[in-house]
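As structure tokens, the structure follows; a few thoughts come after it.
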Amino acid sequence: MTGRRLTPLLAYVTATAAGASLLTGCGVLPGATGGAREPLTVMTWAPDRTRATNMPGMPAMAQTFARWVNARGGIDGHELRVLTCNERNTSEGAADCARRAIDEGAVAVVGSYSQQGRVFMGSLEAAGIPYIGGYGVTEDEFTSPLSYPVNGGQASLVAGHGIQLAGICDKVSLVRPDNVTGDKLPALLDSGLHRAKHGGAVDIPAAEDAAEYTRQADRARSGAEGEGGCVTAVLGERTQTFFDSFRRLPEEEKKRGGSGKDGKGGEEGDGDGVRISSVLGSVDQPVIDRTGGAHSPFEGAFVTGWYPEAGDRSWAPMRQVVKEHAFVDNRVDPADTGVQTTWIAYTVLKEVVEALDRDRITPTDIAHALDRGERIDTGGLTPALRWKYADLLGASGFPRIVNHQVTFQVVRQGRLVAQRPGFVDVGETLLGVS
């Protein structure tokens, strides 16, 4: 069977059914290609409709990528079949998704999000299934020999954020999740701050699924109070909730985070109030748009990211694919960090399968190709990616980082734009984290 163009009605029905698969737990996107080469089954998982961080755009982007490549004959002639699974932000959910990937013969798990690395990684390792381009939120993604991260994870973001804030803020308060993952963030932020002979941040743990954060907001403002103070929050989807509590503190109009003296969030150091900041994934363009754009409480905020800002021309190919193949699926926002990570992860999969040039692809084939040093060009979205032993950073706790570049951004007139051009290498900073 050859590929065929979907009618508008059929396209709408297909997109709706694909979206429903994630909400019900797991699903599969049927392809439109075929031939002598065997189909390629992969899985993408992420939490959806939970009380903590949700990433529905990641499985949705995986489905969009599959529609795109299958309309072009598949990946090197292989029909791409994408399984999706709602990881539910629970260990049981992560275990269920990993089990289904194994049972249904997935050759890789690609572009996924989970905070349950200790649960799913062991299962994937036992089955020999590589984990390509996970979001980078757990330490296990940077220690497993079968994990191939496309970014430096939250470790690089937070260490880089310390560097970004070091020349701007006299005092820093860090509000972060009160869990195992969050416990590692203060040392990472401090490692960046210390590069500029800056003192450490005030550490404020907080529940990741709270409905309000007044007590933590008050502590954060007190810890950063004074000229040049900064409050940074890394709470995933609850970061917006935290800053809602922060701006409602008494007399907050006088100390409004992210505002300069004119209240317009100008360049760094232009005001005497407490500034706000975060990292991509906790604050990104969709969050800014939802909270008022240029009138958002994030106006003027400093943000550290992995990739170029969403308006950069290097994202043009992804935006075109989303425009043509996401149909009416509003989960796929090209400015969403999870969507971007999934695009890059599937780019890795596509390039390695094309390089293998085989009728049948196994998980071992993919892992061996990456281990041997297959070089992946992401079109300027990251440095060239390669996971040969010599390319691994080897940082304590994060040995498999190969991309230790970050970007410094700032919110101006409701848009995330580059604070400084290009990438910033945080490899040396990560190597110094104890």
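Conditions tested, residue by residue: (1) free of Cβ contacts under 8 Å to residues at least 60 places away in the same chain; (2) open to solvent by 50 Å² or more (accessible area, probe 1.4 Å); (3) in contact with a Phe, Trp or Tyr (Cβ under 8 Å, 6 or more places away or on another chain).
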position: D289; (1), (2), (3): no, yes, no
position: G293; (1), (2), (3): no, no, no
position: A310; (1), (2), (3): no, no, no
position: S314; (1), (2), (3): no, no, no
position: V328; (1), (2), (3): no, yes, yes
position: Y346; (1), (2), (3): no, no, yes
position: V352; (1), (2), (3): yes, no, no
position: D359; (1), (2), (3): no, yes, no
Worksheet item: Residues in segment 147-159: is at least one more than 23 Å from Q419 (Cα to Cα), open to solvent by 20 Å² or more (accessible area, probe 1.4 Å) and hydroxyl-bearing (S, T, Y)?
Response: no
Worksheet item: Inside segment 300-324, can you point out the residues that are in a helix (DSSP H, G or I) and farther than 18 Å from G111 by Cα?
Response: R313, S314, A316, Q320, K323, E324
Fill in: Scope segment 162-212; condition in a strand (DSSP E or B), open to solvent by less than 20 Å² (accessible area, probe 1.4 Å) and out of contact with any Leu (no Cβ under 9 Å at 6 or more places or on another chain); matching residues
S173
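State whether one or more residues within segment 219-231 are part of a helix (DSSP H, G or I) and either closer than 21 Å to V180 by Cα or in contact with a His (Cβ under 9 Å, 6 or more places away or on another chain) (or both).
There is at least one residue in segment 219-231 that is part of a helix (DSSP H, G or I) and either closer than 21 Å to V180 by Cα or in contact with a His (Cβ under 9 Å, 6 or more places away or on another chain) (or both).
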Worksheet entry | Residue selected from segment 399-427 under the condition of a type in the set (A, V, I, L, M, F, W, C) and touching a Pro at 6+ places or on another chain (Cβ under 9 Å), by the criterion most open to solvent (accessible area, probe 1.4 Å) | F423
Worksheet item: Among the numbered criteria (1) open to solvent by 40 Å² or more (accessible area, probe 1.4 Å); (2) in a strand (DSSP E or B), which single criterion is violated by C85?
Response: (1)
Item to complete: May I ask you to list the residues in segment 32-69 that are of a type outside the set (A, V, I, L, M), open to solvent by less than 20 Å² (accessible area, probe 1.4 Å) and either at pLDDT below 50 or assigned to a helix (DSSP H, G or I) (or both)?
Response: T33, G57, P59, Q63, T64, F65
Worksheet entry | Unmet criterion (only one of (1) out of contact with any Leu (no Cβ under 8 Å at 6 or more places or on another chain); (2) farther than 30 Å from R290 by Cβ; (3) outside any helix (DSSP H, G or I); (4) among the hydrophobic types (A, V, I, L, M, F, W, C)) for L349 | (3)
Worksheet item: Is segment 96-113 home to any residue that is aromatic (F, W, Y), closer than 20 Å to L370 by Cβ and buried (at least 24 other Cβ atoms within 10 Å of the Cβ)?
Response: no
Discussion item. Take V339 and tell me if it is closer than 19 Å to G133 by Cβ, in contact (Cβ under 8 Å) with a residue 24 or more places away in the chain, hydrophobic (A, V, I, L, M, F, W, C) and open to solvent by less than 10 Å² (accessible area, probe 1.4 Å).
Written reply: yes
Item to complete: Give the residue, chosen from E225, E267, E237, E251, that is surrounded by fewer than 21 Cβ atoms within 10 Å (Cβ to Cβ), modelled with pLDDT under 50 and not hydroxyl-bearing (S, T, Y).
Response: E267
Discussion item. Testing E125 on (1) more than 23 Å from N89 (Cβ to Cβ); (2) open to solvent by 40 Å² or more (accessible area, probe 1.4 Å); (3) in a helix (DSSP H, G or I); (4) not aliphatic (A, V, I, L, M), one condition comes back false. Which one is that?
Written reply: (1)
Worksheet item: Can you find even one residue in segment 48-67 that is farther than 17 Å from N179 by Cβ, more than 18 Å from the chain's Cα centre (by Cα) and aromatic (F, W, Y)?
Response: no
Discussion item. Kindly evaluate E141 against the criterion of being among the acidic types (D, E), part of a helix (DSSP H, G or I) and out of contact with any Pro (no Cβ under 8 Å at 6 or more places or on another chain).
Written reply: no
Worksheet item: Within the set of pairs 6+ apart or on separate chains, which have a first residue in segment 209-237 that is polar (S, T, N, Q), a second that is open to solvent by 10 Å² or more (accessible area, probe 1.4 Å) and part of a helix (DSSP H, G or I), and C-beta atoms under 9 Å apart?
Response: T214/S245; Q216/S245
Item to complete: Determine which single condition I344 fails, assuming it passes every other condition in (1) closer than 19 Å to M61 by Cβ; (2) modelled with pLDDT of 95 or more; (3) touching a helix residue (DSSP H, G or I) at 6+ places or on another chain (Cβ under 8 Å).
Response: (3)
Discussion item. Tell me the residue from A395, A369, A355 that is modelled with pLDDT under 95 and out of contact with any strand residue (DSSP E or B) (no Cβ under 6 Å at 6 or more places or on another chain), please.
Written reply: A395
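The values are calculated or read from the model by the stated rules, or taken from the named source; none is laboratory data. Fair warning: this is a prediction, and the values are worked out from it, not measured in the lab. Positions of Cβ are generated from backbone atoms using ideal geometry, with glycine treated the same way; all protein chains shown enter the neighbour counts. Surface accessibility is based on the protein's heavy atoms, side chains included, excluding ligands, DNA and RNA. Shrake-Rupley method; radii C 1.70, N 1.55, O 1.52, S 1.80 Å.
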